[in-house]
Structures are given as C-alpha cells and as structure tokens.
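The values are calculated or read from the model by the stated rules, or taken from the named source; none is laboratory data. Bear in mind that the values here come from a model prediction, so they are computed numbers and not experimental data. With ideal geometry, Cβ positions are generated from the backbone for all residues, glycine too; neighbour counts draw on all protein chains shown. Each accessible area value is taken on the protein alone, full model and side chains, heavy atoms only, with ligands, DNA and RNA left out. Shrake-Rupley method; radii C 1.70, N 1.55, O 1.52, S 1.80 Å.
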Protein chains: 2
Amino acid sequence: MTAYAALSAHFSRLSALSNAIGTLHWDHAAVMPKGAAEKRGESLALLNVLRHDMLTDARVGDWLDAADADNGLGAWERANLREIRRVYTVETAIPADLVAASTRATSACEMAWRDARAASDFKGLLPRLQEVLELQREIGRAKGEKLGLSPYDALLNDYEPGGRSAAIDALFDDLADFLPGFTEEAMAAQARRPALPALEGPFPVETQKALGLKMMAALGFDFDRGRLDVSTHPFCGGSDDDVRITTRYDEADFTSSLMGVLHETGHALYEQGRPRAFMGQPVGEARGMSVHESQSLLIEMQACRSREFLAYAAPVMREAFGGAGPAWEADSMWRRYTRVAPGFIRVDADEVTYPAHVILRYRLEKALIADAMPLAELPAAWAEGMQALLGITPPDDRRGCLQDVHWPSGGWGYFPTYTLGAMTAAQLFDAAVRADADIPAGIARGDFQPLLGWLRANVHGKGSRLSTDELLTEATGRPLDAAVFKTHLARRYLDKA
Amino acid sequence: MTAYAALSAHFSRLSALSNAIGTLHWDHAAVMPKGAAEKRGESLALLNVLRHDMLTDARVGDWLDAADADNGLGAWERANLREIRRVYTVETAIPADLVAASTRATSACEMAWRDARAASDFKGLLPRLQEVLELQREIGRAKGEKLGLSPYDALLNDYEPGGRSAAIDALFDDLADFLPGFTEEAMAAQARRPALPALEGPFPVETQKALGLKMMAALGFDFDRGRLDVSTHPFCGGSDDDVRITTRYDEADFTSSLMGVLHETGHALYEQGRPRAFMGQPVGEARGMSVHESQSLLIEMQACRSREFLAYAAPVMREAFGGAGPAWEADSMWRRYTRVAPGFIRVDADEVTYPAHVILRYRLEKALIADAMPLAELPAAWAEGMQALLGITPPDDRRGCLQDVHWPSGGWGYFPTYTLGAMTAAQLFDAAVRADADIPAGIARGDFQPLLGWLRANVHGKGSRLSTDELLTEATGRPLDAAVFKTHLARRYLDKA
C-alpha cells in the first residue's frame with residue numbers, strides 16, 4: 001500500500017467516527033430526552049478523544065511526508081494531502097492539557113451563560129468568560145506559531161481556511177461606511193409604501209411542515225440521504241450520507257420557520273453535493289464556513305427572497321393555508337420578506353442590518369484576542385458600536401453582548417464568516433445568473449434545477465480542492481469584493497437597477 | 001488508584017462507547033434515511049472494533065487479578081469483578097480473524113435471507129447459512145474451551161449467563177408433553193363461548209400513540225429518560241439514561257400495537273430501574289435475556305392481559321377511540337387478548353402456543369450446532385416438529401424455517417430465552433401477588449406503583465449482582481420450574497382456579 005493509500009484509509013476510518021459524532025449531535029438537539037444529557041456528554045467526549053487520537057496518530061506525519069514525494073498523484077490527491085496536512089498541523093499544535101482545560105472552561109461558561117443571559121448579568125459571567133478568552137488566546141498563539149499567523153488569524157483559520165483579518169478589515173470597513181446611510185435610505189423607501197396587510201393565522205404545524213418538505217423537494221433536497229426535524233435552534237447537521245436540517249414552528253407565523261427551512265436547505269444542498277469520489281476525505285469536505293454560509297444565504301437571500309421566487313411561492317403558501325386577500329399576494333409576501341428594521345438581536349436581523357451586527361462582533365473579538373481591550377469594557381464597547389453602526393443602544397446586556405452563545409462556547413473567529421458568506425452569496429448568484437438566464441426564470445416557476453446545476457458544478461462538487469479565493473475566482477472571475485453585494489442591496493431595497 | 005478503581009473507570013469509558021452504539025442502532029431502525037445505510041454500517045463496525053479493543057485491553061486481565069486479591073471490596077464490587085471477568089473471558093476467547101469472518105458472513109447471510117424468505121428459497125440460502133452455522137460452531141467451540149462448556153452452551157451463555165441446555169431440556173420436555181393436550185383443551189373451552197364481536201376502525205395513528213403514551217405513563221415509564229417511536233420491528237434499545245422503545249401502527253387494528261407498547265415498556269422499566277450506583281459497570285447491567293424477557297412478559301402477559309387490567313383499560317380504550325357496543329366491553333377485550341390459535345408464525349403466536357415455536361427452534365439449533373443433523377434437512381425437521389408440537393405443517397419455508405432473522409444474523413442460542421422468560425414471568429408475578437395483595441387491586445385501577453415497587457426491589461434494582469438462579473430463588477423461594485406457568489395457563493385458559 002502506498003503512503004497515500006494508507007493515509008486515505010486512515011481518514012476514511014476517521015470519517016466513520018465523525019459521522020457517528022454528527023449523528024449523536026443531531027440526536028442531542030432534536031430528540032434526546034433531557035435526562036440523558038450527562039451520559040451523552042460522556043459519549044461525545046470519549047468519541048472526540050478517540051477522534052483526536054486518530055488525527056494526531058504519529059503515522060499521519062510520516063505518511064504525509066512520504067506521500068508528498070509521490071509523483072503519481074493527481075490534482076485531487078494533492079489537494080487532499082494539503083487539507084490533511086492543514087488539519088494535522090492544527091490538531092497537533094495544541095497540547096492535550098490545553099485542549100482539556102479549554103473543553104472544561106467552555107462547558108462551564110456555556111452553562112453559566114444561560115443563566116447570565118436570562119438575568120442580563122455580564123459581571124456574573126465575567127470570570128468564566130475571561131477564562132475562556134485567555135484559553136482561546138493561548139490556543140490561537142499555539143496554532144499561530146505553527147502556521148505563522150497572529151492568534152486571531154489562527155482561530156479564524158479553523159473556520160475559514162486561508163481567511164486573514166487584514167483582508168476582512170478592508171471589506172468590513174468599506175461596508176461599515178456604506179451601511180448606515182444605506183439603511184436610512186432603505187427605511188425611507190420602505191416608509192413611502194402603503195401599510196402591509198397582516199397574515200391571519202393560526203398556521204397548523206402539520207401544514208407548515210408539509211409546505212417546508214415541498215419546498216425542500218423543489219430545491220433539490222435528497223430525502224434518501226437526509227431529513228427535516230424540529231429543534232430549539234435550527235441547524236444543518238448529521239453525517240456524510242444523512243444530512244439533517246431542523247426548524248422550529250410558530251403557529252402564529254409561518255413565514256420565519258419556512259424561510260429558516262429554505263436557509264438550512266441551502267446548507268444541506270452543499271453537503272449533499274460534495275464530491276462522492278472523495279467522501280470521507282478532507283478534500284471532500286465543504287470549503288469553509290464563509291462558503292457554507294454563502295450557500296444558505298444564496299438560497300435564502302438571493303433566490304428565495306426575490307420577486308421571482310415569491311411570485312411562484314405566494315400562491316403555493318396561500319393554497320396550503322387556505323388564505324385569501326391582499327396579504328397573500330406576491331408583492332405583499334415580497335415586502336414582508338424584505339422588511340428592514342434595525343434591532344438589537346442578530347438572529348432576528350434583516351439582510352441590510354445583519355452585517356452591522358457581525359462587524360461589531362468581529363471588531364470586538366479581534367481586540368479581545370489581541371488583548372487590546374479589557375473584557376470588562378465589553379458592554380460599553382458594544383453599546384458604542386451599536387450606536388455607531390445601527391444608531392441604537394441596547395437597554396441591557398441580555399439584548400447586547402450576552403445574546404450569542406459563540407464566545408461562551410469558545411467559537412472565537414467564527415462571526416465574520418456570516419457576512420463574508422452574504423457577500424460571497426451575492427457574487428456567486430450574480431455570476432450564476434449571468435451564466436444562465438434560465439436560472440431566474442426557473443426560480444419564477446419553482447424550478448431550481450438550473451441554479452442547482454450551476455452550484456453543483458461551481459461550488460458543491462469542488463469540495464475543498466481549491467482555496468476559497470481560487471473557488472470564487474474560478475466561479476465569478478475574481479476574488480471576493482463588496483461591489484456585487486452593494487449593488488444587490490441597492491437593487492432590492494432602493495429599486496435601483 | 002486501586003486496581004478495582006482503574007477497572008471501574010475503564011468500564012465507565014466503555015459504557016460511554018456502548019451508549020453511543022445503542023443510540024446509533026436506534027437511529028438506524030427508527031429514523032435513518034435508507035441512503036445512509038452503508039456509511040452507518042461503517043460507523044458501527046468501527047465503534048464495535050474500538051469497543052472490542054477496550055474490552056480486550058491487556059490491562060483488564062492484570063487489573064482483574066489484582067482486584068481479586070483486594071479484601072476491601074463489598075458484595076456489589078465482587079459481583080462486578082465476576083461479571084467483568086465473564087465478559088473479558090468471552091471477548092478474549094475469539095481470535096480477531098474469526099470475529100471478522102463471522103461479521104462478514106452474518107452480514108451477507110442476513111442480506112440474502114431477506115430475498116430468500118420472500119421467495120421461500122431455502123436451497124438458495126443454504127450455502128450462506130451453512131457458513132454462518134460453521135462459524136457459530138467454531139465460536140462456540142472457542143468460547144466453550146475457555147468456559148468448560150459445550151459449543152451450544154457457550155453460545156447460550158452469551159445471552160443467558162449460567163444457562164445450561166441440560167436444565168432447559170428438562171423444562172422444555174415437560175412443557176412439550178403438556179402443551180399439545182392443553183392447547184386442545186383451551187381451544188375447546190374457547191369454542192364453547194359465543195362469537196366475539198369485532199372492533200370497528202379505523203383507529204387513527206395519533207390516537208393510538210396518545211393512548212400508548214398514557215399507558216406507558218401509568219406503568220411508570222420515565223419520559224425524562226426515554227422515548228416512544230416507530231420502527232418496522234418493535235424493540236427496546238437506546239442507552240443507559242435514554243431507553244427508547246418502538247412500535248408500529250395499523251389503523252385497522254390498534255390492539256396489537258398497544259400490547260406491543262406494553263411489552264416493550266416491560267423491557268424499558270427493567271432498563272430504567274437498574275441500580276444507578278453501578279450504571280456503566282457490568283454488574284449494573286440487566287441479568288440476562290430470560291430475565292429481560294420475563295419483565296416484558298410479566299407486564300404484557302401476566303399484568304396486561306389479565307381481567308383486572310382490561311377492566312381498567314377497556315373503558316380507556318373505548319373513550320380514546322369513541323367506541324361503543326359490546327365489542328368494547330372488558331370481557332370482549334379480555335377474550336380478544338387471550339385468544340388461542342395455532343399458527344405458523346412465531347411473532348404472531350399467542351401465549352399458549354408460543355412455547356411450541358421456541359421449543360422447536362431450540363431443539364433444532366442445538367442439533368445443528370452439535371453437528372447432529374445436516375443443515376439441508378432443516379425444512380423437513382421443521383415440518384415434522386411443527387406437526388408434533390402444534391399439529392400443523394407450514395405450506396412453505398417462508399412460513400417455516402425462513403421466518404426468523406436469528407439464525408441468518410448469527411443469533412444462535414437466543415431462542416430458548418423467550419420461553420424461559422415466559423416461565424420466569426409467571427413465577428415472579430405469582431410471588432409478587434403473594435407478597436402484596438394490592439398489586440392486582442392496583443392493576444384493576446390502573447395503578448402500577450405496587451407492582452413496580454416489587455419489581456424494582458426484587459429484580460430491576462439487582463442488576464447483575466446475583467445469578468439468574470439466585471435472583472429467582474431470592475424473589476420467589478426457588479429456582480425456575482414449570483409449575484407456576486402451567487397453573488397460570490390453566491387458570492386463564494381453562495377457567496381453573
């Protein structure tokens with residue numbers, strides 16, 4: 001057996017373990033009774049240790065060195081070696097006691113955060129969050145030393161391989177200049193329109209579910225290799241051949257759950273479209289979190305909040321719920337799904353104001369990891385940033401710096417991928433529509449095959465063969481910039497062509 | 001750390017792995033989309049290898065020897081050592097290549113069996129089944145050498161620790177003499193009664209599910225540590241703090257699904273009642289398959305097909321489905337749930353004829369493992385046995401020796417535990433009722449707390465501290481015999497006091 005074949009077999013075994021972990025995570029969120037939490041924690045901790053042991057197996061380094069010298073490998077295999085080396089480097093960078101300390105600290109902090117958020121008690125959370133921050137900084141330093149990166153860029157690199165804060169700074173500074181004025185303009189345009197008639201419920205859960213399944217099928221979701229279920233926090237998870245998305249239902253309002261299903265379907269289509277020949281290998285994985293978020297936002301924001309989609313979907317919704325009247329017209333649905341309203345909560349934000357939430361968090365976490373700001377000053381810095389970016393100040397920390405689980409749970413360096421994803425989605429969708437005029441026409445008739453075909457060929461099927469920059473350049477002609485995203489916003493919210 | 005503490009920590013880790021495996025098995029049967037089958041097989045195979053590696057870790061033998069010499073251990077800890085040694089001895093008895101060969105052969109045979117059963121094609125299955133049989137014989141020989149047992153007893157011992165075919169022969173020969181005549185008498189008594197009015201459906205799945213959940217709650221099922229779901233083949237599975245039972249619904253007939261739920265709830269109550277202080281340790285596991293089956297049959301056959309239970313349950317059923325008329329009366333329900341009708345299919349058999357199915361399979365598998373009969377003669381021997389025990393001859397192998405998955409899937413030595421369980425259930429329930437007259441009275445008012453209390457104290461809470469014989473002797477005053485079971489049958493089916 002060649003070194004490459006040994007490496008590939010090792011990572012196939014590893015993927016069998018990762019698939020088990022993914023299924024157990026889904027189970028935890030979707031169906032597990034609460035009394036099983038402690039034992040499930042023990043199972044997941046054990047499987048993660050076994051996974052770490054396999055990833056850092058000393059033979060991996062030897063196989064990598066031997067395989068690098070193998071001249072018989074093709075482009076995919078070379079890319080696989082690059083991805084394996086990336087994962088191996090990061091996984092071996094952190095001493096076991098630091099991993100264990102971080103796991104303990106984030107677990108305790110996430111538990112404490114639930115209460116602290118409910119009580120809006122930042123001071124109470126501060127000592128635990130400080131511990132998490134210091135351990136993240138230490139992890140960033142350890143990885144950064146191996147990778148030649150700053151601690152923050154090293155953390156970012158786990159979610160966004162190749163992502164660098166210098167490039168993000170430029171993109172986000174541009175957006176931060178543009179958005180406050182644009183939001184005012186969009187709000188003014190919105191205010192000039194007549195009042196939006198309300199949808200009258202209730203909307204039974206079973207009907208909502210049936211409608212969601214129908215839309216998933218239209219989008220091309222493969223139900224032989226996936227499911228739709230319910231969980232408190234919607235997500236896309238599961239395993240290689242079993243992609244499971246979740247939603248939550250509100251019988252007073254179906255619109256948010258339905259759009260959530262479409263969003264998660266975007267993630268799921270990416271997962272289901274990864275290259276089968278490299279399933280189980282690192283090169284067969286999704287490229288990174290910004291490309292992943294681009295796929296959910298391309299479906300949700302670019303395709304499904306468009307006039308084309310809502311012209312098709314409004315009658316389907318009306319028929320499903322037996323609705324009648326102007327509230328169910330396509331124009332009303334479009335206005336409902338494109339309303340702009342600055343608010344305190346990121347997950348409730350609209351397309352226009354969402355980047356402000358992300359830019360705020362990105363700037364703050366970068367400063368905190370760089371030790372350029374004391375953690376105790378976070379609430380004040382948050383309030384100041386919200387005022388500058390969105391013109392509002394949260395009345396308490398519950399609706400401010402305590403709202404997200406990311407920092408308590410150790411997810412530092414993740415936030416920027418949301419807005420990078422939104423910009424990437426705009427740039428990809430624009431290229432897709434330029435390449436095939438039947439894409440918007442198809443969406444208007446509920447036919448997503450033209451769009452899905454383009455995504456399969458240009459994004460999903462590439463796995464991690466290319467870097468994010470290369471992928472975007474091959475698909476759109478250039479690396480990411482803010483131009484198409486801004487044009488998209490102007491066209492949608494200011495009626496500019 | 002003492003050797004015992006090290007051993008205990010090792011088996012706690014092992015239980016975290018077993019819990020993961022249990023949850024993935026549930027997922028496979030209850031919710032997994034079909035396209036995930038191959039990857040799931042890979043995940044389970046890997047986890048089972050990891051489990052085997054942990055079980056046969058060389059340190060386990062050393063720890064066992066050192067802990068045996070530790071005088072500071074209590075009765076539970078001593079029993080835990082005995083159970084660990086039992087598992088370790090069996091797991092280390094089989095060479096890895098024999099395990100792998102058997103896994104491959106049973107997997108292929110089980111797949112082939114699905115088609116062979118549908119086509120009633122025993123000859124087509126014969127080569128693969130022969131391979132499975134020979135490997136089972138080899139496994140039985142390897143284990144038997146270590147345990148000082150015959151190959152069949154060594155296989156039996158995996159499901160029924162301490163079980164020996166000499167003792168089972170005596171019990172089953174007694175029953176085999178008794179049952180044919182008794183079945184005729186019971187059928188004659190049944191024929192003298194007036195016609196049983198039919199229940200008119202349909203019975204909506206949602207109503208059936210709600211009724212099942214209500215009955216589970218009445219029986220004492222803990223929904224914080226368990227669930228009810230749907231699968232093709234009902235089972236009780238899951239993990240230590242998360243006991244999941246399944247059923248399947250038929251809108252034309254709710255009675256069989258409901259009784260199935262009660263049966264699985266009996267298994268689940270055992271699992272949920274195991275000693276918490278030894279959860280994760282071998283001594284905290286259920287005692288064996290005959291005791292496990294006794295718990296499902298005690299609930300189903302002894303408690304829930306009784307006149308007392310049906311006096312309580314018939315009005316609850318009638319109200320749930322909005323039924324009316326004599327078909328819904330308690331006496332009709334009791335007659336429906338105690339109908340005797342010899343048939344070809346084991347899983348459809350009633351309480352009186354079920355043992356005949358089991359005795360037939362037990363005698364045949366014992367002869368096959370002992371190489372006392374060629375496998376090619378199985379269909380003829382089956383037909384002969386059915387005629388002798390039940391007075392009927394199956395028209396084809398689909399309704400004969402191909403009906404069960406046990407042999408193709410490598411479950412040799414399992415069958416006798418069904419009828420040992422039925423006899424154990426009768427003996428335990430009789431002792432429970434003698435000990436507390438409020439047990440039948442409670443059942444008549446839908447209150448299972450008195451019964452559950454007795455089971456917790458005398459069976460569930462004992463885990464594997466005692467042998468099956470000891471457990472039964474402590475709970476009922478003597479080891480298992482057929483007397484109480486026969487008395488129970490006579491009382492129920494011949495109206496003899």
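Quick rundown of the values:
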quantity	calculated
Positive-end residue of A:S12, A:A176, B:I139, charge dipole of the protein assembly as shown with Cβ unit charges	A:A176
Exposed-site-free run, longest, chain A (rule: GluC sites (Glu not before Pro); DSSP loop; at most 14 other C-beta within 10 Å)	A:252-497
A:G226 long-range amide H proximity, modeled H, under 5 Å	A:V243
Ranked by how many other beta carbons lie within 10 Å on average, peptides B:2-8, B:419-425 from highest	B:419-425, B:2-8
Quarter of Cα convex hull surface for segment A:162-497, i.e. mean projection, nm²	16.8 nm²
Nearest-0.05 FRET efficiency for A:S409 and A:E377, computed from C-beta distance (R0 30 Å)	0.90
Cross-link partners of B:K34 among lysines (Cα-Cα below 22 Å; sequence separation of 8 or more within a chain)	A:K209, A:K214
A:T89 versus A:A327: modelled label distance in nm, points set 7 Å from Cα along the beta carbon direction	5.6 nm
Loop trypsin sites (Lys or Arg not before Pro), segment A:171-227, which have at most 15 other Cβ atoms in a 10 Å radius of their Cβ (DSSP)	A:R192
Three-way shape label, segment A:255-411, alpha-carbon gyration tensor, a/c 1.5	oblate
Net charge dipole size for segment B:162-497 [Lys, Arg +1 and Asp, Glu -1 on Cβ; Debye, nearest 20]	500 debye
Cα gyration tensor shape for segment B:159-224, rounded if a/c is under 1.5, else prolate or oblate	oblate
Inter-copy label distances at B:A66 (7 Å, Cα→Cβ; nm, one decimal)	3.6
Pairs of alpha carbons in segment A:1-115 whose separation is greater than 24 Å (percent)	40 percent
Over segment B:302-360: Kirkwood hydrodynamic radius from C-alpha pairwise inverse distances, Å	12.7 Å
Accessible area of segment A:3-159 divided out per residue, in Å², using a probe of 1.4 angstrom	45 Å²
Peptide A:7-16, shielding by other chains (average Cβ, 10 Å cutoff)	2
Fraction of antiparallel bridges per DSSP, the protein assembly as shown only, in percent to nearest 5	45 percent
Relative packing of A:100-106, B:321-327, which averages over residues the other C-beta atoms within 10 Å, highest first	A:100-106, B:321-327
Net charge over other residues, Cβ less than 9 angstrom from the Cβ of A:L466 (K, R count +1; D, E count -1)	0
Prolate/oblate/rounded call for segment A:419-465, Cα gyration tensor, a/c under 1.5 rounded	oblate
Summed side-chain charge close to B:T476 - residues other than B:T476 whose Cβ falls under 12 Å, Lys, Arg +1, Asp, Glu -1	-3
Percent antiparallel among DSSP beta bridges (both partners in segment A:162-497, rounded to 5)	45 percent
Proximal lysines to B:K486, defined as alpha-carbon separation beneath 22 angstrom and excluding residues fewer than eight positions away on the same chain	B:K496
Average other protein chain Cβ within 10 Å of Cβ, residues A:226-237	1
Cα convex hull of the protein assembly as shown - mean projected area over all directions, nm²	44.5 nm²
Portion, in percent, of the accessible area of segment B:1-141 that falls on carbon or sulfur, probe 1.4 Å	53 percent
Exceeding the 24 Å Cα-Cα cut-off - candidates B:K123/B:K146; A:K462/B:K39; A:K143/A:K366	B:K123/B:K146
Magnitude of the charge dipole, the protein assembly as shown, Cβ model with Lys/Arg +1 and Asp/Glu -1, debye to 20	900 debye
Rotationally averaged projected area of segment A:416-497 (alpha carbon convex hull; nm²)	5.9 nm²
Förster radius 35 Å - calculated FRET efficiency between B:A100 and A:T232 (Cβ-Cβ, nearest 0.05)	0.25
Cβ-defined net charge surrounding A:G391, 14 Å radius [Lys, Arg +1; Asp, Glu -1]	-3
Exam field: A:D438 pseudo-label spacings to other copies (7 Å along Cα-Cβ), nanometres	7.6
